[in-house]
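J.: The structure is given below, and queries will be raised subsequently.
Values in this text are rule-based calculations from the coordinates and carry no lab data. Please read all numbers here as calculations on a predicted model, not as lab measurements. We place every Cβ from the backbone using ideal geometry, glycine too, and count neighbours over all the protein chains shown.
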């Protein structure tokens, strides 16, 4: 497994102001009370901007964050201010966190506000994005909560622990299952597998993040990608296995628990890239 990559932070804005600090009473720190998006920035702008912003708005509704047209416009302005000077590929992390007075889990919904934290990092793609990833089944289960399933919220400790589990086994990504043994996702990616010539992705009704690549592929229509329930052993017999997220795109899985897998061909990848718009950069 490759060593941890250091991605220097280039800039940071909190509510439109440059800063490198968070307020100590932040509910983002205390409870993970918020959402985030991790976006690729190129010289063409924010890749998949509409998808990221749409998912962000979905999460705002699910968490009942305070959000107005003015908040939305200020977020757009902050994004523009950070990415306008970008010439080399970069990573933009958008974090929205609930701001409310007092301590404890409760908050006054009438007086709450939403903090906008934006961080811009250098983009350093891992070599295995091109060569393929080794996947290991994690001993850490995915957190199950249908009320939060699909949302990219700030509570990601299952992924943090699973990533260390992958590191321990010299793998690039960890496969997370729920408490009943159903496959959910990777620690930082969604999963896509081919059986009988058709592509499938695990259901996320109880757990997991509905990623940008997954959304776009499902939305492409004609049954190109279907949702299904699957157990880890079934993946050993698949015709090809891929992982994907907004930064890495779509990456072949070369090994599952140290067992070599059949690989998707170049034509297959090219077709998928076209379908989900990965060939537009």
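J.: Can you tell me which of 33, 106, 51 moves the most in a GNM of the chain? Springs connect C-alpha atoms under 10 Å apart.
T.: 106
J.: May I pose another question? Taking every eigenvalue of the Cα gyration tensor of the chain, multiplying by 5 and rooting it, what semi-axes result, largest first, whole Å?
T.: In descending order the semi-axes read 32, 22, 18 Å.
J.: Run the helix sum for the chain: -39,500 (n - 2.57) per DSSP H stretch of 4+ residues, divided by residue count, reported at 222 nm to the nearest 500 deg cm²/dmol.
T.: Calculated from helices alone, the mean residue ellipticity at 222 nm is -7500 deg cm²/dmol.
J.: Oh, and also: Peptides 161-170, 185-194, 119-128: what's the order by average Cβ count within 10 Å, highest mean first?
T.: The most tightly packed comes first, giving 185-194, 161-170, 119-128.
J.: So, one more: Taking a ≥ b ≥ c as the square roots of the Cα gyration tensor eigenvalues, with a/c under 1.5 meaning rounded and otherwise prolate when a/b beats b/c, else oblate, which class fits segment 49-123?
T.: prolate
J.: A further question on this structure: Give the shape of segment 120-199 as rounded, prolate or oblate, defined through the alpha-carbon gyration tensor: a ≥ b ≥ c are the square roots of its eigenvalues, a/c under 1.5 means rounded, and otherwise the shape is prolate if a/b is larger than b/c and oblate if not.
T.: Rounded, since a/c falls under 1.5.
J.: Roughly how many whole Å is it from the C-alpha centroid of segment 178-243 to that of segment 153-175?
T.: What the calculation gives is 18 Å, centre to centre.
J.: Tell me, in nm to one decimal, what length is gained between residue 43 and residue 130 on full extension, where the rule is 0.36 nm per residue of separation less the Cα-Cα distance?
T.: Residue separation times 0.36 nm, minus the Cα-Cα distance, leaves 29.2 nm.
J.: Here's something else I'd like to know. Would you mind calculating the gained length between residue 62 and residue 205 on full extension (0.36 nm times residue separation, minus the Cα-Cα distance), in nm to one decimal?
T.: Residue separation times 0.36 nm, minus the Cα-Cα distance, leaves 50.1 nm.
J.: Which stretch or stretches of segment 118-151 have amide N atoms under 16 Å from the point lying 7 Å from residue 105's Cα along the Cα→Cβ direction?
T.: Hits in segment 118-151 for residue 105 at 16 Å: 144-148.
J.: Here is a further query. Want the number for residue 145 to residue 123: 0.36 nm per residue separation, take away the alpha-carbon distance, what's left?
T.: 4.7 nm
J.: Now, a different point. When a/c is below 1.5 the answer is rounded, else prolate if a/b is larger than b/c, else oblate, so apply that to segment 12-83 with a ≥ b ≥ c taken from the square roots of the Cα gyration tensor eigenvalues.
T.: Because a/c hits 1.5 or more and a/b fails to exceed b/c, segment 12-83 counts as oblate.
J.: Another question, if that's okay. Using r as the Cβ-Cβ distance of residue 239 and residue 169, and R0 as 30 Å, what FRET efficiency do you calculate, to the nearest 0.05?
T.: About 0.80, to the nearest 0.05.
J.: Would you mind telling me the antiparallel percentage of the DSSP bridges in segment 128-280, rounded to 5?
T.: The antiparallel proportion sits near 60 percent.
J.: If you don't mind, another one. In degrees between 0 and 90, to the nearest 10, how far off the longest principal axis of the chain does helix 157-168 point, with axes built from Cα atoms?
T.: Its long axis makes an angle of about 40 degrees.
J.: Quick one: if the Förster radius is 51 Å, what FRET efficiency do residue 228 and residue 15 give, using the C-beta to C-beta distance and rounding to 0.05?
T.: That pair, residue 228 with residue 15, gives E of 0.75.
J.: Going by average Cβ density within 10 Å per residue, which order do the peptides 255-264, 94-103 take, highest to lowest?
T.: The most tightly packed comes first, giving 94-103, 255-264.
J.: Same structure again: Going by how many other beta carbons lie within 10 Å of each one, how would you line up 173, 239, 37, fewest first?
T.: Lowest to highest Cβ neighbour count: 239, 37, 173.
J.: Compute the FRET efficiency between residue 271 and residue 84 as 1/(1 + (r/R0)^6), taking r as their Cβ-Cβ distance and R0 = 45 Å, and round to the nearest 0.05.
T.: With R0 = 45 Å, the Cβ-Cβ based efficiency is 0.85.
J.: Hey, another quick one. If you take every DSSP beta bridge fully contained in the chain, what fraction is antiparallel? Give it as a percent rounded to 5.
T.: Here the antiparallel bridges make up roughly 80 percent for the chain.
J.: Could you give the nm distance between label points at residue 263 and residue 54, where each point is 7 Å from its Cα heading toward the beta carbon?
T.: 3.3
J.: Sorted from largest down, give the three principal axis spans of the alpha carbons of segment 203-281, whole angstrom values.
T.: 34, 32, 25
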